[in-house]
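Participant: Just dropping this structure here.
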Amino acid sequence: MPESGWVHELLNWISTHSAWAGLIVFLIALVESLILVGILIPGIMILLGIGALIALGALDFYTVWFAASAGAFAGDLISYLLGHKYRERLTEMWPFRNYPKMLGQARYFIYKHGNKSIVLGRFIGPLRPVVPAVAGMLGMTPQRFLKIDIPACIAWAPAYLLPGMLFGASLEVASEYTGRLAMVLIVIALVIGLSVWLFRLLYDTIVRLSMRNLRRLIRWSRRHPLLGRPVSALLDPSKPEALSLAMLGLSLITTITLLLVLLLLIPWGDQPLRLDQGVADLAAALRSEMVDPLMITLYQLGRWPVLLFTAGVTLAWLLLQKRYKAAGHWLLAIVGGSILQLILTAILTAAPEATGLTLDASAPSSEFVLATTALGFFAVMESADLRRIHRRWPYILASLALILLAISRLYLGQDQLSTLTLGFLLGGSWTAIVGFAYRQRIRRVYKPIYASLVFFSGLIIAVAYAANQQLQSETILYELEYKKQVSSAPLWWQQDWQRLDSQRARVGSHAARDFNLQFAGSAAKLREQLLQSGWRDSTSPGWLWPLKTLNPQADAESLPIPGRDYLGHKETLRLLLHDDNSSSGQQRVIALRIWPSGMMLNDSQQSVYLGQIIAENLHPALGLFHYWRAQALSREELEEIHRGLERTGLEFQNLGVVTLLRQQAIERQ
């Protein structure tokens with residue numbers, strides 16, 4: 001299945017409507033700089049993406065630079081004027097009164113750094129939407145503010161665009177050679193970036209709601225001494241764990257509600273099934289053998305042997321430290337989560353006429369439930385002894401691990417989106433229940449650094465061992481298969497060639513994407529014939545290839561041409577022909593590549609291969625490195641190559657778009 005073409009459609013739209021680019025960038029930078037509003041907008045991620053589009057040639061750097069700087073200045077100026085007009089009254093106005101801590105941090109930051117705070121605040125994400133307003137509150141004069149803020153905005157834009165430009169240039173290289181790898185990089189970067197941003201937003205929201213509800217519960221308990229007594233004892237504001245208990249309670253209510261909603265949606269609607277199928281199709285389209293080893297390694301994070309080994313090591317350490325209550329809660333979290341998964345699976349499969357789904361489609365992923373419980377409850381234990389300002393980090397690390405695990409399981413086709421979501425909600429609910437009991441009963445248990453060393457060391461060792469075993473023996477289980485087709489030599493030669501894919505990929509230049517060759521015969525014999533007529537084998541790029549691209553004097557000898565993939569597989573054959581007639585002044589070679597198509601000719605027992613004959617030009621990128629860029633050959637150049645192929649004993653048929661190439665053995669059949 002070829003890759004989705006949405007990336008190129010986006011680039012084409014931006015290129016066609018480039019006049020709007022400046023306005024869009026201006027608005028993004030403005031909103032991202034507004035007081036408090038900028039906290040809710042992942043503007044930096046968007047600017048990094050815009051930098052990538054600049055590197056890909058879709059946008060002009062200077063236009064974007066000017067628009068981003070102007071937007072940032074406009075946002076800062078609006079924030080400053082609000083603070084300058086309302087002064088201390090701003091802290092009592094909605095929604096600013098909900099963020100006293102953030103305003104206090106900005107106030108301290110300005111007192112500490114003075115004029116430098118305006119410059120530093122522009123480059124520090126959490127302070128950027130707050131510092132200008134607080135500077136106005138504290139009475140900084142407009143002349144002084146403008147004199148500092150304008151240069152800061154001008155310097156800020158390229159500082160956040162350049163990393164995106166470097167990523168975009170690297171992405172262009174990846175899309176030229178491994179289109180699927182480029183797409184995987186985009187998907188992983190977007191999912192992780194958006195997930196971290198969303199988690200931080202949700203965490204801060206839960207903290208605020210928990211504090212607000214905690215105060216309400218305390219006031220309610222004082223008015224109702226009979227019913228409120230147990231609540232008052234549980235959520236005593238003088239106890240440091242009161243806020244944590246409130247947060248765990250709110251998380252429990254949220255996860256259980258979402259779990260029940262999803263369980264009700266699955267039997268009565270087909271939207272979850274459609275979404276599952278769409279995600280599965282996308283995952284299959286992104287498969288690449290260059291990414292498979294990484295995904296197989298990440299997949300081990302959720303394997304039963306890995307998690308049970310890690311849980312056992314952690315349990316042993318807790319027992320050795322004589323933390324018997326903590327060990328009991330740890331054991332309860334791990335075992336209880338697995339039992340709940342079995343119970344829910346039994347309920348869902350006991351009445352298939354109600355769910356209308358099979359076991360695999362409806363049951364929560366057992367391994368993902370265990371992973372959520374283990375990583376989530378360890379985060380609860382670890383955060384108990386951290387200062388409140390640092391307590392979010394164990395949850396962020398656990399969330400990142402679960403996100404990577406979910407991506408790997410979807411990528412390898414081992415789970416569906418609905419089963420992972422059910423598994424996460426079930427594991428999260430049970431984690432909140434056990435965590436609530438744990439934080440209520442346990443005070444200081446251990447130093448987090450030692451517990452982290454034990455837990456993560458066990459996890460890394462188990463993952464490394466399991467990944468090594470699986471990469472050596474079971475990788476084949478996760479390989480994508482070609483679509484099997486059967487034809488005969490005459491039918492393929494006349495019409496069945498049209499049944500095969502016309503594109504290798506849908507990212508990268510057209511020359512690198514389109515198939516312009518089909519070959520029927522033996523790949524080994526074809527190699528022998530071409531080597532005798534002047535073609536040569538392409539050397540392997542090796543793992544040092546990225547360093548070789550930095551050579552300012554790179555050429556065909558010092559910088560090998562990397563392979564390209566089709567359906568996640570490398571070429572069966574890659575041969576090069578030196579081009580002495582290049583008129584562009586660039587280093588240039590002719591490359592011939594073929595991949596299995598999945599079609600077999602039943603009368604000759606020969607395989608049909610899809611291929612490309614293209615030129616490769618050595619291209620400089622951003623003046624920093626070189627890479628080989630595909631270029632379509634002219635009709636005259638292709639005809640000359642065809643005559644050379646014919647002299648080797650091969651036969652060809654030029655159909656304008658595709659050249660059919662076959663060995664003489666088929667003709668004799």
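Only the coordinates and a few stated rules stand behind these numbers; no lab work does. This structure is a prediction, so every number in the text was calculated from the model and none was measured. Glycine also receives a Cβ, built like all others from the backbone with ideal geometry; neighbour counts cover every protein chain displayed.
Participant: Which order results if Val657, Val434 are arranged by neighbouring Cβ count within 10 Å, fewest first?
Facilitator: Arranged by neighbour count, lowest to highest, Val657, Val434 become Val657, Val434.
Participant: Still on this structure, please answer the following. Give me the number: length gained by fully extending Ser540 to Leu400, i.e. 0.36 nm times residue separation minus the C-alpha to C-alpha distance, one decimal in nm.
Facilitator: 47.0 nm
Participant: With a 10 Å Cβ neighbour count serving as the proxy for reagent exposure, in which order, fewest first, do Arg122, Arg323, Arg643 appear?
Facilitator: Fewest-to-most ranking of Arg122, Arg323, Arg643: Arg643, Arg323, Arg122.
Participant: Tell me, Val279, Val131 in order of fewest to most beta-carbon neighbours within 10 Å?
Facilitator: Ascending number of Cβ neighbours within 10 Å: Val279, Val131.
Participant: Same structure again: With θ set to phi - 60°, apply the Karplus curve 6.51 cos²θ - 1.76 cosθ + 1.60 along the stretch 482-493 and write out the HN-Hα couplings as whole Hz, x wherever there is a Gly or Pro.
Facilitator: For the stretch 482-493, the Karplus-derived couplings read 6, 6, 6, 9, 10, 8, 10, 4, x, 5, 4, 5 Hz, x marking Gly and Pro.
Participant: Of the listed peptides 461-470, 647-656, 604-613, 147-156, what is their order by residue-averaged count of other C-beta atoms within 10 Å, with the highest listed first?
Facilitator: 604-613, 147-156, 461-470, 647-656
Participant: Which ³J(HN,Hα) values in Hz, rounded to whole numbers, follow from the phi angles of the stretch 392-399 under the Karplus curve 6.51 cos²θ - 1.76 cosθ + 1.60, where θ = phi - 60° and Gly and Pro get x?
Facilitator: Per residue, the Karplus-derived 3J(HN,Hα) values read 6, 5, x, 6, 5, 4, 5, 5 Hz.
Participant: At R0 = 22 Å, how high is the FRET efficiency between Ser502 and Tyr482 if r is their beta carbon distance? Nearest 0.05 is fine.
Facilitator: Calculated value: 0.90.
Participant: Can you work out ³J(HN,Hα) from phi for every residue in the stretch 61-77, in order, using Karplus 6.51 cos²θ - 1.76 cosθ + 1.60 and θ = phi - 60°, giving whole Hz and x for Gly and Pro?
Facilitator: Taking θ as phi minus 60°, the curve returns 4, 5, 5, 5, 4, 4, 5, 5, 5, 5, x, 4, 5, 4, x, 4, 5 Hz for the stretch 61-77.
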